[in-house]
Amino acid sequence: MRTPFFRHFIPFIAISSAALLLTACGSGDGGAVGTDASRVAARSGEVPTTDVVSAVRKDDAVARLLPAGTTSLTVAVSVGGTPPGTTYLDDGTTLTGQDVDFTKAVARVLGIRLKVEQASFEAILPALDSGKYDFGASNFGVTDERRETIDFVTYINDGQGFATRADSELSKITDLRQLCGFDVATAAGTTFEATLEANKHVCADAGKKAYQVQTYSESSAIWSSLQQGRSDIVMSTINGLRYAVAHQQGLKFLNEFHRLDVGFAFKKGTKLAPAFQAAVNKLLSDGTYDRILKKWGTSGSAISTSRISPPELKN
């Protein structure tokens, strides 16, 4: 039987962030959140609800790797609205998604309580350094630039891809110069936005009209922009694009562009990383890991072992 990630929900619009307790022993993740529009409930008939976490038990040897006295941690999550990313079930209060399952499973292995706070995707990483959150769990891709200020513990391999309308003549994007002259929609504060902005010069270099980067704080706004013709292409997570295309008419997945390891994000120099790494590896060894990926249809994103802040993957 599935139990809610949030036992009680305080609407985000009423306060700046909702802070709630999750008891690891009793219960059982790029997008952003910040308005009622982002709280679009996912229909349970379309989103898997299989319980793959409640059977996970504390591993004392792994738990001993935590800093002495650690019994609870604050985790920041963003609600993207498109599974396998973090979204709501049709009750409008229960969060679900691949990152949610991994977060709950790791907490159970470590035997800790989680204080869960919602935040916009782009706000989480900067807030880790201030100590506002102990870690973030929102499909954060591991890049060399981010590793300068953030520590990561990897748990899947995802990355960047493209999708468009089914009637588009586009078939594959292997070079960003193919985007020249198009309007490209993506989520604010993500590796997608950074990649697009850093490479806008390729169009001018080739004597072509620049592509326009359209950023949105809500997944629903990205897809509306594409469906209504305000955008030509969406750049987002490979897994998120595949799910969206499978559940929305008139869209097609173009291709993977750049694979990235994805991990829990921490303040640079954190002492939590070894415990989280061991917890992920425990899930890999006991079969929970495979069950989570199978639930979300993301087995192609499996990793063989968790790593701490590995170098960015180079395609």
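The values are calculated or read from the model by the stated rules, or taken from the named source; none is laboratory data. This structure is a prediction, so every number in the text was calculated from the model and none was measured. Heads up, the Cβs are rebuilt from the backbone with ideal geometry, glycines too, and the neighbour counts pull from every protein chain shown.
Filter region 200-220 for residues that are under 13 Å from VAL184 (Cα atoms) and over 21 Å from the mean Cα position of the chain (by Cα); which is surrounded by the most Cβ atoms within 10 Å (Cβ to Cβ)?
TYR211
Answer yes or no as to whether SER236 is under 14 Å from the mean Cα position of the chain (by Cα) and at pLDDT below 90. Full working, then the answer.
Values: under 14 Å from the mean Cα position of the chain (by Cα): yes; at pLDDT below 90: no.
Judged against the criteria, SER236 is not a match.
I'd like the residue in region 126-148 that is among the aliphatic types (A, V, I, L, M) and surrounded by 20 or more Cβ atoms within 10 Å (Cβ to Cβ) and, out of all such residues, is nearest to THR87 (Cα to Cα).
So, considering only residues that are among the aliphatic types (A, V, I, L, M) and surrounded by 20 or more Cβ atoms within 10 Å (Cβ to Cβ), the one nearest to THR87 (Cα to Cα) is ALA137.
Report, by residue number, each residue of region 44-60 that is of a type in the set (A, V, I, L, M, F, W, C) and either surrounded by 16 or more Cβ atoms within 10 Å (Cβ to Cβ) or modelled with pLDDT under 95 (or both).
Residues satisfying the conditions are VAL47, VAL52, VAL53, VAL56.
Residue under question is PHE152, and the condition is that it be surrounded by 24 or more Cβ atoms within 10 Å (Cβ to Cβ), assigned to a helix (DSSP H, G or I) and among the aromatic types (Phe, Trp, Tyr); does it hold?
no
Scan (1) assigned to a helix (DSSP H, G or I); (2) farther than 22 Å from GLN248 by Cα; (3) at pLDDT below 95 for the single condition PHE192 breaks and write down its number.
(2)
Can you pull out the residues in region 73-83 that are closer than 24 Å to PRO126 by Cα and part of a loop (DSSP other than H, G, I, E, B)?
Pass one, region 73-83, residues closer than 24 Å to PRO126 by Cα: 73-82.
Correct list: SER78, VAL79, GLY80, GLY81, THR82.
Here is a check on your reading of the model: is ASP290 charged (D, E, K, R) and surrounded by fewer than 19 Cβ atoms within 10 Å (Cβ to Cβ)? Give the steps one after another, and end with the answer.
On the way: charged (D, E, K, R): yes; surrounded by fewer than 19 Cβ atoms within 10 Å (Cβ to Cβ): yes.
So ASP290 fits the description; yes.
If I filter region 176-183 for residues that are in the same structural domain as ARG230 (by TED's automatic domain parsing), assigned to a loop (DSSP other than H, G, I, E, B), in contact with a strand residue (DSSP E or B) (Cβ under 8 Å, 6 or more places away or on another chain) and surrounded by fewer than 17 Cβ atoms within 10 Å (Cβ to Cβ), do I get at least one hit? Spell out how you get there, then give the answer.
Looking only at region 176-183, we keep the residues that are in the same structural domain as ARG230 (by TED's automatic domain parsing), and these are 176-183.
Subset that is assigned to a loop (DSSP other than H, G, I, E, B): 180-182.
Applying the additional criterion that residues be in contact with a strand residue (DSSP E or B) (Cβ under 8 Å, 6 or more places away or on another chain) yields 182.
Subset that is surrounded by fewer than 17 Cβ atoms within 10 Å (Cβ to Cβ): none.
Looking through region 176-183, none of the residues is in the same structural domain as ARG230 (by TED's automatic domain parsing), assigned to a loop (DSSP other than H, G, I, E, B), in contact with a strand residue (DSSP E or B) (Cβ under 8 Å, 6 or more places away or on another chain) and surrounded by fewer than 17 Cβ atoms within 10 Å (Cβ to Cβ).
Of all residues being among the basic types (Lys, Arg) and part of a strand (DSSP E or B) in region 231-263, which is nearest to GLN214 (Cα to Cα)? Just the residue, please.
Across region 231-263, the extreme among qualifying residues is LYS252.
Under the condition of being at pLDDT 95 or above and part of a loop (DSSP other than H, G, I, E, B), which residue from region 106-125 is surrounded by the fewest Cβ atoms within 10 Å (Cβ to Cβ)?
GLY111
Among the numbered conditions (1) touching a Leu at 6+ places or on another chain (Cβ under 6 Å); (2) among the hydrophobic types (A, V, I, L, M, F, W, C); (3) outside the structural domain of LEU196 (by TED's automatic domain parsing), tell me where VAL153 comes up short.
Of (1) touching a Leu at 6+ places or on another chain (Cβ under 6 Å); (2) among the hydrophobic types (A, V, I, L, M, F, W, C); (3) outside the structural domain of LEU196 (by TED's automatic domain parsing), only one is false for VAL153: (1).
Is it fair to say LYS282 is in the same structural domain as VAL142 (by TED's automatic domain parsing) and either in contact with a Phe, Trp or Tyr (Cβ under 6 Å, 6 or more places away or on another chain) or outside any strand (DSSP E or B) (or both)?
Answer is yes for this residue.
Hey, ALA210 hits all of (1) out of contact with any helix residue (DSSP H, G or I) (no Cβ under 7 Å at 6 or more places or on another chain); (2) in a loop (DSSP other than H, G, I, E, B); (3) among the small types (Gly, Ala, Ser) but one; which does it fall short on?
(1)
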